[in-house]
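Pasting in a structure now, in structure tokens, and then I'll have a few things to ask.
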Amino acid sequence: MGFDVVLYNHNGEDYDFYEVSEELHNEIFSSTMLWTSYVELRKLSDFYLTDETLSGDRLKKLISDLQQYQINIPANHQEEYQKLICKLSSLGVSSVNIAGD
């Protein structure tokens, strides 16, 4: 059980969809608790309660959090993690909704 990420363009229309796997979610939010110091990232820690819409500065901060946190992600999940960052950073993306199950 991971996250569903819906990306919206500057007109508020669906732009893209991306699913973060449960395995990657578990790697990001492992028990090491390093993620707690990342303001926007920690809001996504509970995939049962997460339903966040981000745009503007909040979206930029999440991207920054993810980029800084990347060194904590194991090599076998780096490709998927980088893909998430690329999707969120796409020029056509104005806002995103990240929701768990």
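Since every read-out is calculated from the coordinates, none of them should be taken as a lab result. No experiment lies behind these values; they were computed from the predicted model shown. Positions of Cβ are backbone-derived with ideal geometry, glycine not excepted, and every protein chain shown enters the neighbour counts.
For segment 21-73, what relative contact order do you get, as a whole percent, if you take Cα pairs closer than 8 Å and at least 6 residues apart?
In percent, rounded to a whole number, it is 38.
Would you calculate a helix-derived [θ] at 222 nm for the chain, using -39,500 (n - 2.57) for each DSSP H run of n ≥ 4 and dividing by the full residue count, to the nearest 500?
One gets -10500 deg cm²/dmol as the mean residue ellipticity at 222 nm.
State the label only: which of (1) 43, 15, 8; (2) 54, 14, 8; (3) 21, 14, 13 corresponds to semi-axes √(5λ) of the Cα gyration tensor in Å computed from the shown model?
The value computed from this structure is option (3).
I would also like to ask the following. Can you list residues from other chains, or at least 5 along the same chain, whose modelled amide H is less than 5 Å from the amide H of Gly2?
When sequence neighbours closer than 5 places are left aside, the close amide H contacts are Glu22.
Moving on to the next point. Which order results if Glu79, Glu19 are arranged by neighbouring Cβ count within 10 Å, fewest first?
Ascending number of Cβ neighbours within 10 Å: Glu79, Glu19.
OK, next. Given an 8 Å cut-off on Cα distances and at least 6 residues of separation, report the relative contact order of the chain as a percent.
The value is 45 percent.
Let me ask something else. Which of the aspartates and glutamates could be linked to Lys83 by a straight reach, that is with a Cα gap under 16 Å, when you skip same-chain ones fewer than 8 residues away?
Within the straight-line limit of under 16 Å, Lys83 reaches these aspartates and glutamates: Asp4, Asp16, Glu19, Glu22, Glu23, Glu27, Asp65.
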